1. Could you work out how far apart the two model spin labels at LEU278 and ARG35 are, taking each label as a point 7 Å from the Cα in the direction of the beta carbon, and quote it in nm?
2. Of the accessible area of the range 3-171, with the probe set at 1.4 angstrom, what percent is carbon plus sulfur?
3. Would you mind getting the accessible area per residue of the range 27-96, heavy atoms of the protein chains only, 1.4 Å probe, in Å²?
4. For the range 165-314, report the accessible area per residue in Å² (1.4 Å probe, heavy atoms, rounded to an integer).
5. I'd like the projected area of the chain, averaged over all directions, using the convex hull of its alpha carbons. Report it in nm² with one decimal.
6. For the range 186-313, just run the numbers: alpha carbon Rg, then divide by 2.2 N^0.38 Å, N being how many residues it has.
7. Could you tell me what percent of the DSSP beta bridges with both partners in the range 137-296 are antiparallel, to the nearest 5?
8. Which of the helices in the chain meet the span-like rule: DSSP H, Cα axial reach of 27 Å or more, Kyte-Doolittle mean at least 0.0?
Amino acid sequence: MDLDAIAARLGVPVEDVERVHQLAGDRPSAPLPARADAPVILDRLAVRPDDAAEIMAGWPDPDSPLWTPELRWLLDRSIALVRADLGGHGWLSPGPELPRERGPAWQHLYVYAYLALVDVARGYHRDHGIPDAVSWLSLADLGRNLAIDRRMRREGWPVMQSWLTLHVRGSVYELGRLQHHPGDGAIGLHVPDTGPLTPEAVAASLDDARAFFPRHFPDEAYTAFSCGSWLLDPQLREYLPEGSNIARFQQMFELDPYQEQDGPDADVEVLRFVFRTLSTPLDQLPRRTVLQRAIVDHLRAGRHWHWRHGRFPI
Ligand SMILES: CC(C)(COP(=O)(O)OP(=O)(O)OC[C@H]1O[C@@H](n2cnc3c(N)ncnc32)[C@H](O)[C@@H]1OP(=O)(O)O)[C@@H](O)C(=O)NCCC(=O)NCCS
């Protein structure tokens, strides 16, 4: 196996290919669903018709000329790499960031890996007695992410390709309004882009989680809910009304002391989550909501947003 040649043909750093080779080794991969079953599965995963059409167009049939040997190698080993960490809770890159504009196989390689792993994740969910509805709803974050990435003109994908490995490793559960991500003694909370974050919806989701984890993961002990987010930056309260959902969400948490290196750059993350762009100049961003105006005015004043971590007891 010539890893240098694979890296050169994929147009990615050789270290990234060596990492895949090391982590995947000769561990088992998993087959993709049959092409004929794919439309129904994509629909269950909330993949929108425009994204589903692209995915079907690049389908890795054994005789597809779109799939060169190195792309097939990467797909197979990426599946093995993620599968090897089934049940793992950490952030995991499934492989190198690809030049996705090179074609449909390149564009959605990690989506095909996700599809191969859906069956593996479903088996893991079954072993833990996870209800079917929670299993599918949690996995359907794929469709939501693909739609957001399209909105972001593909700027969002490098983060999403790692984020989505959590779902297929059985480490993200969508219970009502929030996604719950266990690990390190705490249940991490993620807020998907699904409408207002009302305190009632948050409380109901937390209650669901309090019952869900002891029932389905009785061997794991969680004593706190935790969150790391731009949403927890107290500076937001300089701009948002007291009764806003974000302010009320913040009130639940005890914050860790601020450390600059402790998480992603919040100046970038606010652009991702509030404007769904990473590259639009500040003076061209919309100013429709109080939050949009706050984000831009704060940055234009030379100030910075902070990524903050917080927790509260279960
Ligand atoms: C988290 C989220 C649901 C909060 O929305 P919300 O419940 O409407 O929040 P608030 O009630 O505090 O909103 C206060 C103001 O900010 C605006 N606002 C909140 N989130 C916004 C967003 N993502 N984009 C633009 N404006 C937003 C609201 O419209 C409101 O302004 P208005 O009174 O001028 O209409 C929303 O920001 C969202 O969907 N974010 C994307 C996902 C995310 O950021 N997850 C966390 C990742 S770490």
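1. In this crude label model, LEU278 to ARG35 measures out at 3.3 nm.
2. 54 percent
3. 47 Å²
4. 47 Å²
5. Projected over every direction and averaged, the Cα hull of the chain covers 17.0 nm².
6. 1.15
7. So the antiparallel bridges in the range 137-296 amount to around 75 percent.
8. 109-127
The values are calculated or read from the model by the stated rules, or taken from the named source; none is laboratory data. Only a predicted model underlies this, so the values are computations on that prediction, with no experimental measurement involved. Glycine gets a Cβ as well: all are built from the backbone with ideal geometry, and neighbour counts include every protein chain shown. Just the protein is used for accessible areas: all its heavy atoms, side chains included, with ligands, DNA and RNA removed. Shrake-Rupley method; radii C 1.70, N 1.55, O 1.52, S 1.80 Å.
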